[in-house]
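K.L.:
Okay, handing you the structure first.
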Amino acid sequence: MEVRHVQSETTVPPETMLPERSKQVARALRAAEVSGEIREMPGSTRTAADAAAALGCETGAIASSLVFLSDEQPVLVLTSGRHRVDTDKLAESLAWSPLERAKPERVRQATGQSIGGVAPLGHPAELTTIVDSALADYPCVWAAGGTPRTVFPTTHDELVRITGGRSLAVADE
């Protein structure tokens with residue numbers, strides 16, 4: 001995996017220095033044999049634009065973690081920061097009931113993490129996961145590390161593997 005250099009303010013702290021939520025994600029990453037390490041940023045990486053600016057990469061290389069509900073069941077969608085999820089198209093392509101955005105308290109219940117910092121793994125229970133096929137356009141993508149200030153480098157294929165997810169187009173481009 002090619003990992004782009006990030007701005008010098010980025011630090012890779014020892015795991016013991018990470019916030020508790022990020023420690024849980026770091027353990028899950030190790031268990032999944034992911035080599036990318038969680039990095040704590042000096043400012044927020046809550047939005048794809050914030051993360052891209054902090055990392056010095058394209059917004060599309062940010063894997064935004066969004067939680068939706070279909071028949072009250074949480075679904076994690078890892079989408080490229082370059083577009084919005086077309087929930088109607090996605091639900092139709094999967095033959096699911098309509099998708100609605102989960103409220104913050106439901107996101108925390110399903111993932112153990114807050115909006116803006118939801119990692120692809122490290123949740124209390126396994127989530128049905130969709131990985132945006134547009135993320136395959138980037139040799140390195142960045143995903144949240146459990147808090148709005150932590151991220152880790154990965155790839156589209158690795159996201160599919162570690163989440164047991166399914167790669168699909170989630171938006172028209």
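K.L.:
Going highest first, how would you order 40-50, 63-73 by mean Cβ packing within 10 Å?
P.N.:
Those peptides, ordered most packed to least, come out 63-73, 40-50.
K.L.:
Pop a pseudo-label 7 angstrom from the Cα along the beta-carbon direction at both residue 72 and residue 31 and give the gap in nm to one decimal.
P.N.:
It is 2.8 nm.
K.L.:
Quick one: which residues, 5 or more positions from residue 167 or on another chain, have an amide H under 5 Å from its amide H? H modelled 1.01 Å from N in the peptide plane, none for Pro or chain starts.
P.N.:
HN-HN under 5 Å from residue 167: 131.
K.L.:
Same structure, new question: Strictly greater than 23 Å: what percent of every Cα pair in the chain meets that?
P.N.:
More than 23 Å apart: 32 percent of the Cα pairs in the chain.
K.L.:
Here's another thing I want to ask about it. Rounded to the nearest percent, how much of the accessible area of the chain (1.4 Å probe, protein heavy atoms only) is carbon and sulfur?
P.N.:
48
K.L.:
Let me ask something else. In what sequence, highest mean first, do 116-122, 88-94 appear when ranked by Cβ atoms within 10 angstrom?
P.N.:
116-122, 88-94
K.L.:
For residue 173 and residue 96, FRET efficiency with R0 = 35 Å and r from the beta-carbon atoms, rounded to 0.05?
P.N.:
Calculated transfer efficiency: 0.95.
K.L.:
Moving to a separate point now. Over the stretch 90-146, what relative contact order in percent results from Cα pairs under 8 Å that are six or more residues apart?
P.N.:
Value for the stretch 90-146: 29 percent.
K.L.:
How would you order 131-138, 154-161 from highest to lowest mean count of nearby Cβ atoms within 10 Å?
P.N.:
Ranking the peptides 131-138, 154-161 by packing returns 131-138, 154-161.
K.L.:
Arrange the residues 108, 82 by how much accessible surface each exposes, largest first, with a 1.4 angstrom probe.
P.N.:
108, 82
K.L.:
Averaged per residue, what accessible area in Å² does the stretch 59-140 show with a 1.4 Å probe, protein chains only?
P.N.:
45
K.L.:
Want the number for residue 108 to residue 84: 0.36 nm per residue separation, take away the alpha-carbon distance, what's left?
P.N.:
Extra length available between residue 108 and residue 84 comes to 6.5 nm.
The values are calculated or read from the model by the stated rules, or taken from the named source; none is laboratory data. For clarity, every value in this text was computed on a predicted model and none was experimentally measured. Cβ atoms come from the backbone with ideal geometry, glycine included; neighbour counts cover every protein chain shown. Only protein heavy atoms, including side chains, enter the accessible area calculation; ligands, DNA and RNA are left aside. Shrake-Rupley method; radii C 1.70, N 1.55, O 1.52, S 1.80 Å.
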